[in-house]
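Okay, so here's the structure we're looking at.
The values are calculated or read from the model by the stated rules, or taken from the named source; none is laboratory data. These figures come from a predicted structure and were not determined experimentally. So basically every Cβ, Gly included, is an ideal-geometry build from the backbone, and we count neighbours across all protein chains shown.
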Ligand code: FAD
Ligand code: SF4
């Protein structure tokens with residue numbers, strides 16, 4: 001085997017030609033290595049569609065690099081020489097190719113980056129320039145702050161990027177945030193666009209067969225895979241959203257509807273997180289759509305905030321706080337994850353819808369993740385590590401840097417309020433307001449303490465009562481605790497008992 005000057009390892013979530021580690025490649029003397037490894041595909045039971053996306057996109061990316069004249073070494077999962085982990089493969093290829101230098105972009109997972117750092121290999125690390133805010137820049141911004149707030153970070157990112165900023169540095173429209181306009185339920189007359197679907201080419205078909213063979217025991221359907229696996233198809237998905245989804249994105253961002261898995265959401269996160277789309281380009285396309293007059297400011301600002309606000313913010317917190325962050329458990333929760341999270345077999349229609357579509361498409365939109373499956377886990381006191389692993393496994397876009405802070409902190413409030421000022425807890429009334437789920441549910445959302453009362457109602461009050469020592473002093477919870485205090489003792493007791501009965505059912509391994 002030819003000796004090379006530089007060997008660049010590209011991980012499955014780094015499929016971008018613009019990676020810092022790939023700049024200045026010499027096609028004669030340098031090579032790129034991509035490896036499909038069992039450890040990454042199975043450290044949690046990843047949804048089979050997610051494994052398909054990553055392996056197929058890696059194979060397409062390798063082909064595209066070769067078409068640009070780059071020397072590529074590619075190790076498939078079933079290659080008999082495959083040693084099964086990223087560090088062991090890198091070691092094997094180092095001894096085969098004897099490169100002068102090993103190059104690698106920062107990882108998206110603390111566990112993997114640490115194992116590479118511990119491997120004894122001499123690696124030249126590159127910052128992940130796909131993000132607007134580097135790890136160091138975020139650490140500087142966070143320094144000395146006891147609690148962080150996304151809104152202030154987001155304003156910094158708006159100023160830095162110049163997105164929707166007037167010449168004098170003020171925000172376009174006179175306000176940084178138009179979220180108050182983005183909380184509408186879906187009226188009956190509004191129809192969401194049909195989802196864009198992409199058929200499997202021969203490479204994807206081979207991967208589907210491989211995944212079917214090795215990962216059939218993981219939860220989730222493989223048959224419905226229709227996601228883009230190339231840069232060109234990801235771009236087509238994005239343009240479809242620009243044409244048919246973006247204008248209504250702001251208004252119905254928080255809406256939920258039966259048998260409507262995608263509504264006006266872009267469905268781009270899985271492609272974006274592995275490098276098939278570029279965040280800066282997405283933001284500038286959205287800004288251009290606003291200036292062209294085709295979308296309103298609340299849609300443009302709302303979308304840009306998700307990307308340069310929330311997405312960058314959670315990544316910053318992840319790298320600032322790991323590895324201890326993963327063990328945070330503010331409420332001391334220990335309840336195991338109910339089995340119905342893996343099957344969708346529950347009488348709660350909202351949970352059945354959110355989990356069902358997650359198994360079917362490896363996708364749920366933000367409010368389903370936050371206010372349905374997440375809210376239930378928070379109210380039921382599920383152990384944070386178990387619910388985090390579920391989110392990491394089930395969603396096609398889930399990588400530790402983005403899944404962990406969203407689940408552990410935003411949903412479970414397990415960091416005690418470092419990321420967000422209060423828990424996103426809600427009763428069934430919120431779900432009723434934002435969806436049509438309750439109309440077709442066996443439980444009654446208008447009831448709280450009867451045997452067929454909506455479980456979210458009593459669990460909500462049970463959560464507030466059992467954690468009043470930790471939450472009572474939180475200013476943003478003042479109103480709900482006042483409401484609790486106004487309730488007659490008998491009502492409080494009935495809510496507590498109904499909550500206890502539901503939790504006892506979960507502890508007995510029963511579904512709700
Ligand atoms: P849209 O609703 O169309 O939003 C546009 C884009 O904004 C998304 O593609 C995403 O890149 C970005 N975005 C929006 N909110 C967030 C956020 N809170 N954090 C980071 N990016 C955001 N997103 C992931 O990419 N991977 C995850 O593993 C993940 N886990 C989550 C777990 C929980 C418990 C919660 C509440 C949210 C999680 N999110 C995660 C954020 C968000 O739910 C998804 O990014 C979004 O649903 C993806 O669908 P979309 O592309 O249609 O997004
Ligand atoms: Fe969900 Fe309760 Fe509504 Fe049923 S009644 S769909 S459990 S919120």
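Among the candidates 445, 402, the residue that is near ligand 1 (Cβ under 9 Å from one of its atoms), surrounded by fewer than 23 Cβ atoms within 10 Å (Cβ to Cβ) and not assigned by TED's automatic domain parsing to the domain that holds residue 310 is uniquely 402. Taken over the range 363-387, the criterion of being assigned to a helix (DSSP H, G or I) and away from ligand 1 (no atom under 12 Å from the Cβ) is satisfied by 379, 380, 385, 386. Which one is farthest from residue 394 (Cα to Cα) among residues in the range 181-206 that are free of Cβ contacts under 8 Å to residues at least 40 places away in the same chain and under 23 Å from the mean Cα position of the chain (by Cα)? Going through the qualifying residues, I end up with 194. Can you find even one residue in the range 311-323 that is within 11 Å of ligand 1 (Cβ to nearest atom), in a helix (DSSP H, G or I), assigned by TED's automatic domain parsing to the domain that holds residue 184 and under 24 Å from residue 248 (Cβ atoms)? Yes: the range 311-323 contains one or more residues that are within 11 Å of ligand 1 (Cβ to nearest atom), in a helix (DSSP H, G or I), assigned by TED's automatic domain parsing to the domain that holds residue 184 and under 24 Å from residue 248 (Cβ atoms). Would you say residue 460 is within 16 Å of ligand 2 (Cβ to nearest atom), part of a helix (DSSP H, G or I) and either within 29 Å of residue 255 (Cβ to Cβ) or outside the structural domain of residue 185 (by TED's automatic domain parsing) (or both)? It is true that residue 460 is within 16 Å of ligand 2 (Cβ to nearest atom), part of a helix (DSSP H, G or I) and either within 29 Å of residue 255 (Cβ to Cβ) or outside the structural domain of residue 185 (by TED's automatic domain parsing) (or both). Picking from residues in the range 242-259 that are in a loop (DSSP other than H, G, I, E, B) and surrounded by fewer than 20 Cβ atoms within 10 Å (Cβ to Cβ), the one that is nearest to ligand 1 (Cβ to nearest atom) is 257. Here residue 469 meets each of (1) free of Cβ contacts under 8 Å to residues at least 12 places away in the same chain; (2) out of contact with any strand residue (DSSP E or B) (no Cβ under 7 Å at 6 or more places or on another chain); (3) within 16 Å of ligand 2 (Cβ to nearest atom) with one exception, condition (3). Of the residues making up the range 153-174, just one is free of Cβ contacts under 8 Å to residues at least 12 places away in the same chain, touching a strand residue (DSSP E or B) at 6+ places or on another chain (Cβ under 7 Å) and closer than 16 Å to residue 291 by Cβ, namely 165. When the residues of the range 416-442 are filtered to those that are within 16 Å of ligand 1 (Cβ to nearest atom) and crowded, with 21+ Cβ neighbours inside 10 Å, the one that is nearest to the chain's Cα centre (by Cα) is 419.
Taken across the range 487-499, residues that are under 30 Å from the mean Cα position of the chain (by Cα), assigned to a helix (DSSP H, G or I) and modelled with pLDDT of 95 or more do occur, with at least one present.
Okay, residues lined up against (1) within 14 Å of ligand 1 (Cβ to nearest atom); (2) buried (at least 21 other Cβ atoms within 10 Å of the Cβ); (3) part of a loop (DSSP other than H, G, I, E, B):
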residue: 262; (1), (2), (3): yes, no, yes
residue: 266; (1), (2), (3): yes, yes, yes
residue: 276; (1), (2), (3): yes, yes, yes
residue: 280; (1), (2), (3): yes, no, no
residue: 284; (1), (2), (3): no, no, no
residue: 288; (1), (2), (3): no, no, no
residue: 294; (1), (2), (3): no, no, yes
residue: 299; (1), (2), (3): yes, yes, no
residue: 304; (1), (2), (3): yes, yes, no
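To keep it simple, each residue is scored yes or no on (1) over 19 Å from residue 400 (Cβ atoms); (2) in contact with a strand residue (DSSP E or B) (Cβ under 6 Å, 6 or more places away or on another chain).
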{"site": "92", "(1), (2)": "yes, no"}
{"site": "103", "(1), (2)": "yes, yes"}
{"site": "119", "(1), (2)": "no, no"}
{"site": "132", "(1), (2)": "yes, no"}
{"site": "139", "(1), (2)": "no, no"}
{"site": "143", "(1), (2)": "yes, no"}
{"site": "151", "(1), (2)": "yes, no"}
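For the list (1) in a loop (DSSP other than H, G, I, E, B); (2) in the same structural domain as residue 297 (by TED's automatic domain parsing), I need the number of the one condition that residue 121 fails. Evaluating residue 121 over (1) in a loop (DSSP other than H, G, I, E, B); (2) in the same structural domain as residue 297 (by TED's automatic domain parsing) leaves (2) as the failure. Exactly one residue among 236, 257, 209 is under 29 Å from residue 344 (Cα atoms), touching a residue at least 12 places away in the same chain (Cβ under 8 Å) and out of contact with any helix residue (DSSP H, G or I) (no Cβ under 7 Å at 6 or more places or on another chain), and that residue is 257. Consider the range 309-342. How many of its residues are surrounded by fewer than 18 Cβ atoms within 10 Å (Cβ to Cβ) and within 14 Å of the chain's Cα centre (by Cα)? Adding up the residues that qualify gives 0. Just checking, does the range 347-358 include any residue being more than 14 Å from ligand 2 (Cβ to nearest atom) and within 28 Å of residue 258 (Cα to Cα)? Checked the range 347-358: at least one residue is more than 14 Å from ligand 2 (Cβ to nearest atom) and within 28 Å of residue 258 (Cα to Cα).
Taken across the range 394-403, residues that are within 16 Å of ligand 2 (Cβ to nearest atom) and in a loop (DSSP other than H, G, I, E, B) do not occur at all. With respect to residue 358, determine if the residue is away from ligand 1 (no atom under 14 Å from the Cβ), touching a helix residue (DSSP H, G or I) at 6+ places or on another chain (Cβ under 7 Å), farther than 21 Å from residue 480 by Cα and in contact (Cβ under 8 Å) with a residue 24 or more places away in the chain. When the stated conditions are applied, residue 358 does not pass them.
Could you go through the range 437-456 and let me know if any residue there is away from ligand 2 (no atom under 16 Å from the Cβ), free of Cβ contacts under 8 Å to residues at least 60 places away in the same chain, in contact with a helix residue (DSSP H, G or I) (Cβ under 8 Å, 6 or more places away or on another chain) and under 27 Å from residue 259 (Cα atoms). Within the range 437-456, none of the residues are away from ligand 2 (no atom under 16 Å from the Cβ), free of Cβ contacts under 8 Å to residues at least 60 places away in the same chain, in contact with a helix residue (DSSP H, G or I) (Cβ under 8 Å, 6 or more places away or on another chain) and under 27 Å from residue 259 (Cα atoms).
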